[in-house]
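> Mind looking over this structure? Questions follow.
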Amino acid sequence: MNNIVLFNYARSTAAYRVRIALNYKAIDARLTDVNLLAGEQQQSDYKSKNAQGLVPALETPQGVLGQSLAIIEWLDESYTEAPSLLPGDAWQRAQIRSLSYAIACDMHPLNNLRVLKYLTEQLGQPEQVKTSWYHHWLAQGFDKIEATLAGGNYCIGDTLTMADICLIPQLFNAHRFEFDLSGYPKIQKIEKHCLSLSCFKAAAPEQ
Ligand SMILES: N[C@@H](CCC(=O)N[C@@H](CS)C(=O)NCC(=O)O)C(=O)O
């Protein structure tokens, strides 16, 4: 399968997830940048492709798909020659989804660009309130994740899964906002290991 295009923004946590998945599955995709700070995600030529007006979106031979976890699962099911990002039996796959959703559905939405902008621009809150909001919700999320981890190199089991793909970009974001991660040794261990892997290195926003 070819003709895959990722609508991407380097510092987008959700797009970073998909870049890691593409690298891990060795899928050749073209990256097209959507400049979030310039508001390109709201412009009609992008919204005609992805009505959700967010990145990432993936152009496939079947159409354009939004939502990073839907994209990752579609890639996983469509490119079966590469190792699965949801390996194991039904219980293990459910655990992978549970952790992935804890990050992507519970943590990330509270701290993304449009929510933070609403706090400062519409509600008139100063930067320190924004930072306090941001750190509060990160701590809530990371506390729960740390408590569920076994202490290995990966979130679930002994191989890379969609859960690690959700965790590492969320940590990138936490570092960006100077969140103190010293109280999370199991999370830090996974981060150190994953960041040594080429699929993570090549997907990093600095790249
Ligand atoms: N649940 C969505 C979240 C997508 C999302 O919030 N993307 C952010 C960047 S990380 C975005 O496009 N923000 C633009 C905006 O808020 O206007 C996913 O996982 O793909």
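> Pairs under 9 Å by beta carbon, first residue assigned by TED's automatic domain parsing to the domain that holds Asn23 in segment 164-179, partner in a helix (DSSP H, G or I), six or more apart or different chains?
Sorted first by the residue in segment 164-179, then by its partner, the list stays empty.
> Please enumerate the residues belonging to segment 1-59 that are among the basic types (Lys, Arg), assigned to a helix (DSSP H, G or I), more than 8 Å from the ligand (Cβ to nearest atom) and surrounded by 17 or more Cβ atoms within 10 Å (Cβ to Cβ). Please lay out each step first, then the result.
Keep residues of segment 1-59 that are among the basic types (Lys, Arg), which gives 11, 17, 19, 25, 30, 47, 49.
Within this subset, residues satisfying the condition of being assigned to a helix (DSSP H, G or I) are 17, 19, 47.
Now restrict to residues that are more than 8 Å from the ligand (Cβ to nearest atom): 19, 47.
Arg19 - this is the single residue of segment 1-59 that is among the basic types (Lys, Arg), assigned to a helix (DSSP H, G or I), more than 8 Å from the ligand (Cβ to nearest atom) and surrounded by 17 or more Cβ atoms within 10 Å (Cβ to Cβ).
> Scan segment 111-131 and give yes if some residue there is at pLDDT 95 or above, surrounded by 14 or more Cβ atoms within 10 Å (Cβ to Cβ), closer than 23 Å to Arg19 by Cα and touching a Phe, Trp or Tyr at 6+ places or on another chain (Cβ under 8 Å), otherwise no.
There is no residue in segment 111-131 that is at pLDDT 95 or above, surrounded by 14 or more Cβ atoms within 10 Å (Cβ to Cβ), closer than 23 Å to Arg19 by Cα and touching a Phe, Trp or Tyr at 6+ places or on another chain (Cβ under 8 Å).
> Being part of a loop (DSSP other than H, G, I, E, B), closer than 21 Å to Ser12 by Cα and over 15 Å from the mean Cα position of the chain (by Cα) narrows it down to one residue among Gln125, Gln207; which is it? Walk me through it before giving the result.
On the way: Gln125 fails: closer than 21 Å to Ser12 by Cα.
Going through Gln125, Gln207 in turn, the sole match is Gln207.
> Does Ala94 qualify as being within 16 Å of the ligand (Cβ to nearest atom) and either more than 22 Å from Phe142 (Cβ to Cβ) or modelled with pLDDT of 95 or more (or both)? Can you show your working first?
On the way: within 16 Å of the ligand (Cβ to nearest atom): no; either more than 22 Å from Phe142 (Cβ to Cβ) or modelled with pLDDT of 95 or more (or both): yes.
No.
> For segment 1-46, how many residues are among the basic types (Lys, Arg), modelled with pLDDT of 95 or more and more than 14 Å from Ile165 (Cβ to Cβ)?
1
> Among the residues of segment 141-160, are any within 16 Å of the ligand (Cβ to nearest atom), surrounded by fewer than 14 Cβ atoms within 10 Å (Cβ to Cβ) and of a type in the set (Asp, Glu)?
Keep residues of segment 141-160 that are within 16 Å of the ligand (Cβ to nearest atom), which gives 141.
After this cut, where a residue has to be surrounded by fewer than 14 Cβ atoms within 10 Å (Cβ to Cβ) as well, the list is none.
The answer is no, given that none of the residues of segment 141-160 is within 16 Å of the ligand (Cβ to nearest atom), surrounded by fewer than 14 Cβ atoms within 10 Å (Cβ to Cβ) and of a type in the set (Asp, Glu).
> Spot the failing condition for Gly88; the list is (1) assigned to a helix (DSSP H, G or I); (2) on the phi > 0 side of the Ramachandran plot, and only one is missed.
(1)
The values are calculated or read from the model by the stated rules, or taken from the named source; none is laboratory data. As the structure is a prediction and not an experimental result, all values here were calculated from the model. Note that we place each Cβ from the backbone using ideal geometry, even for glycine, and neighbour counts take in every protein chain shown.
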